[in-house]
Every structure is written in structure tokens, then in C-alpha cells.
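Here is the structure we will look at.
The values are calculated or read from the model by the stated rules, or taken from the named source; none is laboratory data. Note that the coordinates shown come from a computational prediction; the quantities given were computed from them, not determined experimentally. Note that we place each Cβ from the backbone using ideal geometry, even for glycine, and neighbour counts take in every protein chain shown. These accessible areas exclude ligands, DNA and RNA; they are computed on the full protein's heavy atoms, side chains included. Shrake-Rupley method; radii C 1.70, N 1.55, O 1.52, S 1.80 Å.
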Amino acid sequence: MKKFDEFVEIIKKLREPNGCPWDREQTLESLKPHLLEETYEVLEAMDEGGEKLKGELGDLLLQVVFQSNICEEKGEFKIEDVIDGISEKMIRRHPHVFGNGIDVKTSDEVLINWEKIKKDEKEHAERISILDGVPKGMSALLRAEKLQKKASKVGFDWPEIHGVIDKVEEEIDELRDEVMVGDEKKAREELGDLFFALVNLSRHLGINPELCLNEASNKFERRFRYVEKNCNVEEATLEEMDRVWEEAKK
């Protein structure tokens, strides 16, 4: 706690009149892209672990303390209030751990009980739909997955994966039809439906769609960099680049 308190004081000093001009200018709004960037950097560092992850977690912690300090300056809350809030929430939502007489044995039972407790919390009292609380600012893939998960909790879901795969194939056929007709607006709608169906498939497979697509992007990047290294992409024909691409795959 001493080290944490020292870090909080460092951030406060940066915001003082004789502190850093850049840090003093920041607002919650201006920090949004920085928080998003740091989050993605943590996700990337999680694949490496070690020193890389340690550094990126520090950058993410900076965002939490920095924003809390801005809110303290506005008289809203302090970092201590943030810690108190999340500590109370963890205890409240884990009655099976902190001795409140609830007995759960599986992860599914934990999640069911978690949702029941959330419904009784003051911060969620105004929610009307089971879909409330899914941020519109999430990445499109993760938002689709979150909406599907919430709907599935009341039984609105495919009973088995074959129906999900059939739905993906149906959306491909519908997209193909609109592309052939040349209706750009309807093709866009069908493409969105296809993405949504693919996210549903990834959910049923237990695969995170965001991480899955990132892995595919990383694979494409590795292979295309190989192509660039082994042929002049400015002058090469498509057939020549395809040949090198196949080498990269091997």
C-alpha cells in the first residue's frame, strides 16, 4: 500500500500548477483514446507475459489513478472510493466465498448467482431490458458477443451448434444474392448479419471472436511481410505474389 500511495502522490504532483503542462491539460474526454490504446497493448502483452506485461499493466494502472485524480479534483470521488467500491462488489457478488450461506459448485452456477445479485444492486436498478448495460462503445465483435450471451441467459439461443452453422450458411447465401442483384444497402445489412452469425458461432465454440480475428490478422501480416521480402510487390503479378504467399504458408 505504501508503494501505491506513493504512486498516487506522483500523479497528483503532475497535475499541480507547477507540474507537467501536458498532464494538467488532460480531461476524462481526452484520456479516452489513451485508455483504449493501453488496453489493447495489455492484451498484446498478455501473449508474452513477463516484463512486457508488467510494464503494460503499469500503464493501465496509470489510467485508473489518473482518471480518479481528475474526478477527485472535481469533488466527485477519490481513488480510495474506487477501491472501496470494487472491494465491496467482489465480496457482495461472491457470497459462496465470503461466508453468506450460498453454496455453488460450478462456474455456471457462479455466473447465474452473479447475475441475480447484480439485479438487486442500486447501480443497476434502472435497467429495464436484460440487454441493458452493454456499452455501445465496445468493439463491434465483443458487443455482439455480449448481447448474445445476455439473451442466452433467458434461453434465447440455439440448442446446438449445427443450427448456428446452418445460420451462417444461410447468411452467406443471402449476402451472395444481394451482391448479385447489386443492392449495396441490402448487401451491407446482410454482411452485418453474417458477422453477427459468425460471432454466434465463435461463442458456441468457446472462442473469443476479437482474439480470433486478431490472430488471423497477425497471420496475414506475417505472410504478407514474407511476400514483400521475397518479391517486388510493386512490380510482381498477382500470380507471382500468390506463389510466394504459398511459400509463406509452408
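Ignoring ligands, DNA and RNA, what percent of the 1.4 Å accessible area of the chain is carbon and sulfur?
Carbon-and-sulfur percentage of accessible area, whole number: 56.
Sticking with the crude label model, points 7 Å out along Cα→Cβ, report the distance from Glu160 to Glu16 in nm, one decimal please.
Using points 7 Å along Cα→Cβ, the separation is 6.9 nm.
Distance in nm between label sites at Glu169 and Arg24, each 7 Å beyond Cα in the beta-carbon direction?
Modelled inter-label distance: 6.6 nm.
Classify the chain: rounded, prolate or oblate, from the alpha-carbon gyration tensor (a ≥ b ≥ c, eigenvalue square roots; a/c under 1.5 rounded; otherwise prolate if a/b is larger than b/c)?
oblate
Round to the nearest 0.05 the FRET efficiency obtained for Lys116 and Met180 when R0 = 51 Å and r is the Cβ-Cβ distance.
Calculated transfer efficiency: 0.55.
With an 8 Å Cα cut-off and a minimum separation of 6 or more residues, compute the relative contact order for region 127-207 in percent.
Relative contact order of region 127-207: 31 percent.
Hey, rough spin-label estimate for Leu43 and Ala140, points 7 angstrom out along Cα→Cβ, what's it come to in nanometres?
Placing both labels 7 Å beyond Cα along the Cβ direction yields 1.5 nm.
With a probe of 1.4 Å, find how much accessible area the chain has per residue, and write the answer as a whole number in Å².
Accessible area per residue, the chain: 73 Å².
Between Leu211 and Ala151, what is 0.36 nm times their sequence separation minus the Cα-Cα distance? Round to one decimal in nm.
19.4 nm
Towards the positive end of the charge dipole of region 1-152, with charges on Cβ (+1 Lys, Arg; -1 Asp, Glu), say which of Val42, Ile86, Leu53 has the farthest Cα.
Ile86
Between Lys54 and Val233, what is the FRET efficiency for a Förster distance of 25 Å, r being their Cβ-Cβ separation, to the nearest 0.05?
0.10
Kindly provide the helix-only [θ] at 222 nm of the chain, computed as the sum of -39,500 (n - 2.57) over DSSP H runs of four or more divided by all residues, to the nearest 500 deg cm²/dmol?
-23500 deg cm²/dmol
Ignoring GluC sites (Glu not before Pro) that are buried or in helix or strand per DSSP, and keeping those with at most 13 other beta carbon atoms within 10 Å, what is the longest stretch of the chain between them?
161-233
Please go through region 93-173 and write out the chymotrypsin sites (Phe, Trp or Tyr not before Pro) that DSSP classes as loop and that have at most 14 other C-beta atoms within 10 Å.
Answer in residue order: Phe98, Phe156.
State to the nearest 20 debye the size of the charge dipole of the chain about its Cα centre, where the only charges are +1 on K and R beta carbons and -1 on D and E beta carbons.
1000 debye
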